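All remarks here apply to the structure that follows.
The values are calculated or read from the model by the stated rules, or taken from the named source; none is laboratory data. The structure presented is a predicted model; accordingly, all values stated were derived computationally and were not measured. FYI the Cβ positions are ideal-geometry reconstructions off the backbone, even for glycines, and counts take in every protein chain you see. Each accessible area value is taken on the protein alone, full model and side chains, heavy atoms only, with ligands, DNA and RNA left out. Shrake-Rupley method; radii C 1.70, N 1.55, O 1.52, S 1.80 Å.
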Amino acid sequence: MAECTNLQFVSPFAFEAMQKVDVVRLASLSDPELRLLLPCLVRMALCAPADQSQSWAQDKKLILRLLSGVEAVNSIVALLSVDFHALEQDASKEQQLRHKLGGGSGESILVSQLQHGLTLEFEHSDSPRRLRLVLSELLAIMNKVSESSGEFFFKSSELFESPVYLEEAADVLCILQAELPSLLPIVDVAEALLHVRNGAWFLCLLVANVPDSFNEVCRGLIKNGERQDEESLGGRRRTDALRFLCKMNPSQALKVRGMVVEECHLPGLGVALTLDHTKNEASEDGVSDLVCFVSGLLLGTNAKVRTWFGTFIRNGQQRKRETSSSVLWQMRRQLLLELMGILPTVRSTRIVEEADVEMEPNVSVYSGLKEEHVVKASALLRLYCALMGIAGLKPTEEEAEQLLQLMTSRPPATPAGVRFVSLSFCMLLAFSTLVSTPEQEQLMVVWLSWMIKEEAYFESTSGVSASFGEMLLLVAMYFHSNQLSAIIDLVCSTLGMKIVIKPSSLSRMKTIFTQEIFTEQVVTAHAVRVPVTSNLSANITGFLPIHCIYQLLRSRSFTKHKVSIKDWIYRQLCETSTPLHPQLLPLIDVYINSILTPASKSNPEATNQPVTEQEILSIFQGVIGGDNIRLNQRFSITAQLLVLYYILSYEEALLANTKTLAFSAVPVSHTQVMQILEHLTLLSASELIPYAEVLTSNMNQLLNSGVPRRILQTVNKLWMVLNTVMPRRLWVMTVNALQPSIKFVRQQKYTQNDLMIDPLIVLRCDQRVHRCPPLMDITLHMLNGYLLASKAYLSAHLKETAEQDRPSQNNTIGLVGQTDGPEVTREELKNALLAAQDSAAVQILLEICLPTEEEKARGVNPDSLLRNVQSVITTSASNKGMEEGEDNLLCNLREVQCLICCLLHQMYIADPNIAKLVHFQGYPCELLPLTVAGIPSMHICLDFIPELIAQPELEKQIFAIQLLSHLCIQYALPKSLSVARLAVNVMGTLLTVLTQAKRYAFFMPTLPSLVSFCRAFPPLYEDIMSLLIQIGQVCASDVATQTRDIDPIITRLQQIKEKPSGWSGICKDPLYKNGSGDTGSMDPDVQLCHCIESTIIEIINMSVSGI
């Protein structure tokens, strides 16, 4: 607010005196300073105090004496003599009138029509009218603010702009707010003052006369403020007003800044207050408050604050008005001054001599940083990294130049110096755009060369084991192996922030590292010469030589360049202590892999040398059993345990590589594989455990065509033996091994918990398993086990959660009086889930029993199992047909069907409700011969078939009758007879209620079942024949006139029923077997009549044959 620059504000000294009511300090104020505080002082002198102490009485006398010589006091006393109650009533009426007529109405109850301008009226008015004039104008502004919906406006008002009457207007404003606090809340008044000229000055006077309201006013202005204050005029005016308030009360400036961060509003104000505080309490050596504040915003854990301040930085750069009035510009200038303040400017002759002799003479080479500046320099580097990487700050040429000079400076050999060099190096990698000219690139190369040369000195002097030399070596290895993402992770980890680094930006640095500084051969040779870390343990953090050696071993650089790393690893293992460093075990594992596995197939000898037996024995020299186990030990127990781990891991890896040879020969030599498997069958279960992983992981190779059945059966036998000693782990490995292999899709690795929660994962195996009986046997064994495990898992989970829910249930008992309502519901939900899970498994297994299209083309019949069990009724079957049936019995599908039927029998016996649920769901009718004949427990279906027939769905009724027909043949029992009689009666009932379309859909598939009923139970003959005649009569009655030729069929059916012996020979006539005449009619009733005739004739033939 530039309009306020020439006005006198309340000084911090005066505000503190008012805040503490320090009469002595008030007395020392000058007349102009005292004039600003008169409204509050006059009210204190005239109003009855709450404090009746003697000390306040003395202070009040001093205040009266202080005011006695001030002329403006009389006008303020006159203002306090007004009837404020009547004034408040008129103001309320005016508020109601404005609300009714609209905010723009010119009507006013407080002020009658003005004869002159507002300023002249104010000059000529007495105290009551002055109060009304200011109150009317203030209420108008406050109403407009409330109606503006957050949009800023600027209100021109003579009363608040005339420099002659500013003090009188301020007196009236302060008295109005003090006497009418409910009508004029101080926060609302402060908000309104932002919209008028000189608003910041009026606001400071108002708060100075009510000093206790400082925090309330500041919080209100911040809460109502913009998220980005420099984007709008209103935001900038609000920021300036709050800045004036904090200058008046500097002790609360940082608290106000905290409000800014808490609300995520007015970021410019937070920076401005920090700049003011930094200038007042500048420190040359320590980290400034500005650096700490901005770093805290960008590197803190609050993502909302980070995004808010980052937006402020980005928006500030996009504005064209990047001038000295911009808070962002002031912040950047202050940071640059702090950065330049710690940069030394004296040339170092030692550095110049180390640099390239052909280097340009104008290249600025700075000497080392002062030790007291290193911590501040590190803080500045991290801040600039956060500004550029998180907030998107684009450095100017001057900023980039000074940053590069700071990064390439040389700190003293202290822990803080090591940290500074690491930060500088990572910042160069993260922001390679800072190096833009050949001179700057040369400066960077010289600095990197200095790092390589001085890292040993730094490590020895600073006492920090994790020096920056290891980081250099690690980055060089990452560049050589093109692991740019690993470099980015390393940079982010060192800087302590997650920033976006494009891999393409590292291309120039990669060229410098791989071609100028660290070639791969240099890296490998240098790594071997790096001293091992003494007493290596988890207490030593940072990047160590072990990290570099680990990466080089992974990339097989040592074998590639024929560099022996065995001695270095052995020495490092000897130099270890507790607690164990986390990189040691991975180092041993990758070293063992490099010993046993060649780097490439073309060069099988490209392996590392193992640790010799003599070196291993030397580790354990002096170890004696018994109580003197530590006597004369040269190496620590940590080193001995690590070497022992190396021995065991080496032997295990060697054994695993040997075992892999067995199954690698499956596609080549079945005989060799069979010999190995036969040898394994001689081992005990515990001896087979080391072979479990290789056995299961290669099971998918057994699914290929041409694998002998003997190999499959032997693997099945070995698996069952292993199942006795390690079932859970074996099942998990097997399920993962038998997953279908899909190109470009990564296989999921399931865990024991996954399989217990969802046992159906077992059946999502490779489809070839469904036609491989030995492996299908294994799959069904695992499925049954996981279904049982799932039941136990859910029951245990239910008990655990029931204990946690018991307090809430007790409360429910007290209120409702029911003790087991929630528990019953939870138990039912569990049972429903298990039933759905079991039924889904059964349905999937039944689908597996169906032949595929390829098998159907080969003539495989799904009811072959039934044909084998049933006796042959007809004697006309040819020998050729019998041979085909025997061939079907030998196929893989038949064997898989037998295995599945055995499992389903076990499941139905264990829980008959599963059988009921599955049959209520239904399944393909072509599987009924298989299930009835192959599952001995299917007789339990007779218990619920009446209920299934009673279902309203036609499909379920059809399925029930078809199922019953097979059960009657399989189990010709009295119970079956009663259920069959019920089915015949239901069919007769349905005949009377079904429409023509539904009648055809129902009886066409169920009529053949009547033949099975008669075959199983001859006493049903009469009822069934009557039913068939009824069906034929109903169909004949519905046939159209043009097809009345159906009447002879009905007559013939009646004759067949009355004299069946006379028609027994007709069955041999093909005409009758095909439907007794014209079967080409598309009328459903005609087709149904022909089907009825065929059914009757088949029943007669069966009866005659039986006789």
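What is the stretch 210-284 by shape, rounded, prolate or oblate, if you read a ≥ b ≥ c off the alpha carbon gyration tensor as root eigenvalues and call it rounded for a/c under 1.5, prolate for a/b larger than b/c, and oblate otherwise?
Judged from the Cα gyration tensor, the stretch 210-284 comes out oblate (a/c at least 1.5, b/c at or above a/b).
Taking all protein chains together and a probe of 1.4 Å, list Phe84, Phe1003 from the most accessible to the least accessible.
Descending accessible area places them as Phe84, Phe1003.
Where the convex hull is taken over the Cα atoms of the stretch 114-212, what is its projected area averaged over directions, in nm²?
Across all orientations, the stretch 114-212 yields a mean hull projection of 6.2 nm².
Pop out the carbon and sulfur fraction of the accessible area of the stretch 190-267 as a percent, whole number, probe 1.4 Å.
Solvent-exposed carbon and sulfur of the stretch 190-267 make up 47 percent of the total.
With a probe of 1.4 Å, find how much accessible area the stretch 241-294 has per residue, and write the answer as a whole number in Å².
Here the residues of the stretch 241-294 average 38 Å² of exposed surface.
Carbon and sulfur: what percent of the stretch 951-1031's accessible surface (1.4 Å probe)?
That share works out to 61 percent.
At a 1.4 Å probe radius, carbon and sulfur cover how many percent of the accessible area of the stretch 504-594?
51 percent
Return the subset of Lys223/Lys255; Lys376/Lys502; Lys370/Lys453 for which the Cα-Cα distance in this structure is over 24 Å, preserving the input order.
Table pairs above 24 Å Cα-Cα are Lys376/Lys502.
Of Arg197, Arg129, Arg237, Arg729, which has the most accessible area with a 1.4 Å probe, and how do the rest follow in descending order?
Result, largest first: Arg729, Arg197, Arg129, Arg237.
Taking the alpha-carbon set of the stretch 741-789, what are its Rg and Dmax in Å?
Computed over the Cα atoms of the stretch 741-789, radius of gyration and Dmax are 11.7, 34 Å.
Treat each spin label as a single point 7 Å out from the Cα along the C-beta direction, and report the Gln996 to Gln843 distance in nm.
Taking the two extended label points, one gets 3.6 nm.
If the stretch 495-604 were replaced by its equivalent ellipsoid, with semi-axes equal to the square roots of 5 times the Cα gyration tensor eigenvalues, what would those be, largest first, whole Å?
25, 22, 14
Just grab the label-to-label distance for Lys453 and Glu953, each label 7 Å out from Cα along the Cβ direction, in nm (one decimal).
Roughly 8.7 nm, to one decimal.
Given axes a ≥ b ≥ c from the Cα gyration tensor, I'd like to know whether the stretch 670-771 is rounded (a/c under 1.5), prolate (a/b larger than b/c) or oblate.
Oblate.
Between Arg728 and Leu648, what length in nm is gained on full extension when 0.36 nm per residue of separation is reduced by their alpha carbon distance?
Full-extension gain reported as 26.4 nm.
Taking only protein heavy atoms and a 1.4 Å probe, what accessible area per residue, in Å², does the stretch 703-782 have with all protein chains in place?
Per-residue value: 50 Å².
With N set to the residue count of the stretch 45-91, report its C-alpha Rg divided by 2.2 N^0.38 Å to two decimal places.
1.47
Write down the accessible area per residue of the stretch 413-552 in Å², having rolled a 1.4 Å probe over the full set of protein chains.
The answer is 38 Å² per residue.
Just the Cα atoms of the stretch 494-535: what Rg and Dmax do they give in Å?
Just the Cα atoms of the stretch 494-535 yield Rg and Dmax of 14.8, 40 Å.
Label points 7 Å out from Cα along the Cβ direction at Ser81 and Lys61: separation in nm?
Computed distance between label sites Ser81 and Lys61 equals 2.7 nm.
Given a Förster distance of 56 angstrom, what is the FRET efficiency for Ala832 paired with Ile499, based on the Cβ-Cβ distance and rounded to 0.05?
Calculated transfer efficiency: 0.65.
How much accessible surface area, in Å² rounded to 10, belongs to the heavy atoms of Phe154 with a 1.4 Å probe?
Using a 1.4 Å probe on the heavy atoms, I get roughly 100 Å².
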